[in-house]
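*Asks:* Before we start, here is the structure in question, set down as structure tokens.
The values are calculated or read from the model by the stated rules, or taken from the named source; none is laboratory data. From a predicted model like this one, the values you see are computed outputs, not experimental measurements. Glycine also receives a Cβ, built like all others from the backbone with ideal geometry; neighbour counts cover every protein chain displayed. SASA here: full protein model, heavy atoms, side chains in, ligands and nucleic acids out. Shrake-Rupley method; radii C 1.70, N 1.55, O 1.52, S 1.80 Å.
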Amino acid sequence: MLEVIGAGLPRTGTTSTKAALERLGFGPCYHTFEVLLRPELAERWLPVCSGGQADWERVFEGFRSCVDWPASFFWRELARAYPDAKVVLTVRDPHSWYGSFRVLGSLSPREPIREDEAPEAIRPVVAAMTSLRPLFERISGSVFGEDWRPGHTPDEERAVAAYHRHVATVRAALPAERLLVFDVREGWGPLCAFLGVAAPPDAPFPHLNDAASIRRTFELMHTEGRVHVPFPGGG
């Protein structure tokens, strides 16, 4: 059962928040990167990919928290499905966020990698991400506008407007006692206070998944046929 629901857009410190939640005892935390490590998780999303009804208990079976797309796109549905869960809306400077999001977009191929052309070791990962592509296209089109297309990053004005719209919508929809608007630069304090737990002694707040790290993830998949994900224990 989910206890913490991440509502932030990708590239707002979601990987750092995943690591922090797991360090605080709210793990495992579902992040898109989990599909790279466990491709079988993609199958749980297939009814949602085709526009059907989600079985959230099945999607998040084995997880106590979630962050990042596709999970965070469904923050409203998850908040209803898990009324006792708290919601963390990760934020950052919107123009800095856009720069990071644009890097992510530049690394995403306009056409999916064909499974039979991928290194054998990562073919299950390629198949899993290919199956999720329609869902990510639907999410991106909903957030940024109907004229969004695969492999394309919206211009900065459109993207930043979408960012502000998303933050305002989440803030307006949830009561203050259930929502934490959180910038990972704030460290343990606000997150621990919101969740009612003590900060780990002598443990710095994790700051993970910068642009160089995500580049390395994509490069290793293409050049060495192996998965490297930027969080503790992720390979």
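*Asks:* Assuming R0 = 35 Å, what is the FRET efficiency of SER50 and SER96, from their Cβ-Cβ distance, to the nearest 0.05?
*Replies:* For SER50 and SER96, the calculated efficiency is 0.50.
*Asks:* Now, a different point. Could you tell me the calculated FRET efficiency between ARG38 and ALA161, based on Cβ-Cβ distance and R0 = 35 angstrom, to the nearest 0.05?
*Replies:* 0.50
*Asks:* Right, something else. Give the carbon-plus-sulfur fraction of the accessible surface of region 43-99 in %, rounded to a whole number; probe 1.4 Å, heavy atoms of protein chains only.
*Replies:* It is 47 percent, rounded to a whole number.
*Asks:* Give, as a single signed number, the net charge of other residues whose beta carbon lies under 14 Å from the beta carbon of LEU174, with Lys and Arg counted +1 and Asp and Glu -1.
*Replies:* Overall, the nearby charge balance is +2.
*Asks:* In terms of modelled amide H atoms, which long-range or inter-chain residues lie less than 5 Å from the amide H of PHE182?
*Replies:* So PHE182 has HN proximity to LEU89, THR90, VAL91.
*Asks:* How big is the charge dipole of region 25-102 about its Cα centre, in debye rounded to the nearest 20, if each Lys and Arg gets +1 on its Cβ and each Asp and Glu gets -1 on its Cβ? Mind showing how you got there, number by number?
*Replies:* Working: 9 positive and 10 negative charges, 49 e Å.
For region 25-102, the charge dipole is close to 240 debye.
*Asks:* Here is a further query. In Å², and per residue, what accessible area does region 2-99 have when probed at 1.4 Å with the other protein chains present?
*Replies:* 35 Å²
*Asks:* Quick one: 3J(HN,Hα) in Hz for region 126-140, Karplus 6.51/-1.76/1.60 with θ = phi - 60°, rounded, Gly and Pro as x.
*Replies:* For region 126-140, the Karplus-derived couplings read 4, 4, 5, 5, 5, 5, 8, 4, x, 5, 5, 5, 4, 4, 5 Hz, x marking Gly and Pro.
*Asks:* Quick one: which of 175-185, 129-139 comes out on top by average Cβ neighbours within 10 Å, and what's the full order, highest first? Don't skip to the end; give the middle numbers.
*Replies:* Values: 175-185: 15.1, 129-139: 17.2.
Taking the mean over residues of other Cβ atoms within 10 Å, the ranking is 129-139, 175-185.
*Asks:* Still on this structure, please answer the following. What does the charge count near PRO94 come to, summing +1 for each Lys or Arg and -1 for each Asp or Glu among other residues with Cβ under 15 Å from its Cβ?
*Replies:* Values: positive: ARG11, ARG92, ARG102, ARG158, ARG165, ARG171, ARG185; negative: ASP93, ASP155, GLU156, GLU157, ASP183.
After counting each charged neighbour, the total is +2.
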